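Reading through the structure tokens given below for one structure.
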Amino acid sequence: MRTPLLEARPAQADDRQLFFKPENLQPIGAFKLRGAYNKIASLSEAERQRGVITYSSGNHAQGVAYAARALGVRAVIVMPGNAPALKLEATASLGAKLVTVGPGSAERQSKAEELAAQHGYVLVPPYNDEQIIAGQGTMGLEILEDLPSVETVLVPVGGGGMISGIATAIKLSRPSVKVIGAEPELAADAQASLRSGKLVQLEAEQVLQTAADGLRTQSIGPINFEHMRLYVDDIVTVSENEIGEAMRQLAVNPKTVAEPSGAVAVAAFLFHRKELPARKIHVAVISGGNVDPAMLADIRRA
């Protein structure tokens, strides 16, 4: 669905304006449906007959399962066994077959590629794919159409599919708009990659420390990296406490409830003004709202 822009009222008083792009309102509760549907819809009939497979910590899993069901395609999903129960159950309820592995993002990718080779499934990567990137880029086009005066767009970064698509769509349409990524301090591989000019891979043990389970990728994708080098202006990192406070402020409005991964761009706006371009009109993408109910209750009590 085309999500609206919602005007925010940040807690601190300054002259900046913030609008949310609430992808938590998608049918699966996250932006991942855009890329997954675009990828599967682009397959030939022969490819659809083979079935699809993907690897994901949660939201992409649901996106592929939802899109596959809508298009009548069999789906197999490789997920980490420690993924939030909410995401495991939601993916299974959409009719996909689940295969669980260990916590590392490299491990689930390897298992998915192995099963694809064995059974002939078509691989639907979570981010390192042109069709996935193009699907996520529709968010950028919608932002430009709905808010022509936008000056800065803040985007969460995990594997890089979302920011690749949004940045490409925006920069090729309106180069003056700044596109800034946001990621957890504990999983800052994208910032390290962009600033060093080469792909940086982190250890699984490190990225698993962040509460932002959707951003626990050990490295951004090579295809995504090339898009980011061309079109992303910078990446800032946010602390776990800042993510929690952003979640708390967003939870006041049922339309903007965010999971940890979905709150990082808002955290960047709230707490890292000095690292952002000196612009007035901002959009922050709330990438997902599939938060564990117990976590949400704790956040609201904080």
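Quick note: the coordinates plus some simple rules give every number you see, no bench work behind them. Here the structure is a predicted model, which is why all the values come from computation and not from measurement. Note that each Cβ is placed from the backbone with ideal geometry, even for glycine, and that neighbours are counted across all protein chains shown.
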Linear extension gain, Glu130 paired with Lys198, 0.36 nm per residue minus alpha-carbon span: 22.5 nm
The stretch 194-275: GluC sites (Glu not before Pro) in DSSP coil with no more than 12 other Cβ atoms inside 10 Å: Glu203
Paramagnetic reach from Asp15 in the stretch 267-302 [backbone N under 13 Å; point 7 Å along Cα→Cβ]: 278-281
Built amide H within the under 5 Å cut-off of Asn290, gap 5+: Glu259
Theoretical gain in end-to-end length, Ala294 to Lys274 [0.36 nm per residue, Cα-Cα removed]: 3.8 nm
5 angstrom amide H check on Ala211, placed H, neighbours 5+ away: none
Residue with peak Gaussian network fluctuation, the chain [Cα springs, cutoff 10 Å], from Glu145, Glu113, Glu259: Glu145
Positive minus negative residues near Arg48 (Lys, Arg vs Asp, Glu; Cβ under 14 Å): +2
Two-decimal ratio, the chain, of alpha-carbon radius of gyration to 2.2 N^0.38 Å: 0.92
The stretch 1-74 versus the stretch 194-233: alpha-carbon centroid distance in Å: 20 Å
Gyration tensor verdict on the stretch 152-302 (Cα atoms; rounded if a/c is under 1.5, prolate if a/b is larger than b/c, oblate otherwise): oblate
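What translational D, rounded to a whole number of µm²/s, comes out for the stretch 122-229 from Stokes-Einstein when the hydrodynamic radius is the Kirkwood one over Cα pairs, at 25 °C and 0.890 mPa s?
Once the numbers are plugged in, D ends up at 174 µm²/s.
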Whichever lysines have a C-alpha closer than 30 Å to that of Lys280, once near sequence neighbours (fewer than 8 apart) are set aside: Lys21, Lys32, Lys171, Lys178, Lys255
5 angstrom amide H check on Leu123, placed H, neighbours 5+ away: Ile53
Most fluctuating residue given options Thr100, Thr91, Thr217, as computed from a GNM of the chain linking Cα atoms under 10 Å: Thr100
Diffusion coefficient, µm² s⁻¹, Stokes-Einstein with Kirkwood Rh over alpha-carbon pairs of the stretch 32-123 at 20 °C and 1.002 mPa s: 169 µm²/s
Label point distance in nm, Glu145-Ala106, each placed 7 Å from Cα along Cα→Cβ: 4.1 nm
Cut-off 11 Å, label 7 Å out along Cα→Cβ of Ile281, residues of the stretch 136-180 by amide N: 144-152
